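Q: Take this structure first; my questions come after.
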Amino acid sequence: MGHSLERWIDGELSERRARCIDEHVEGCEDCSAEVAALLKLKASVRRMRAGEPVAEAVGRLMAEAERLSTQ
């Protein structure tokens, strides 16, 4: 469901599809965790765009990517 979750977070899905994902995420621990991780990743990217030191942002992004790859 990964790509759909990204589109859901970004508000890019139809109302019907978004409602289905709302209901699914509410009851699925794995998808809830993936949503939390995606939100953290997006926040990191926003901070990087806002001028955060690149090395610090890249380090956090790499750590998050590593964490996600072990799930």
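We did not get these values from a lab; they are worked out from the coordinates using the rules stated. Source: prediction; values computed, not measured. For neighbour counting, all protein chains shown are included, and Cβ atoms are generated from backbone atoms with ideal geometry for every residue, glycine included.
Q: Could you check the spin-label model distance between residue 16 and residue 45? Points 7 Å from the Cα along Cα→Cβ, value in nm.
A: About 2.8 nm, to one decimal.
Q: Per q in 0.14, 0.27 1/Å, what log10 I(q)/I(0) does a Debye calculation on the alpha-carbon atoms of the chain return?
A: Summing over Cα pairs of the chain leads to -0.50, -1.16.
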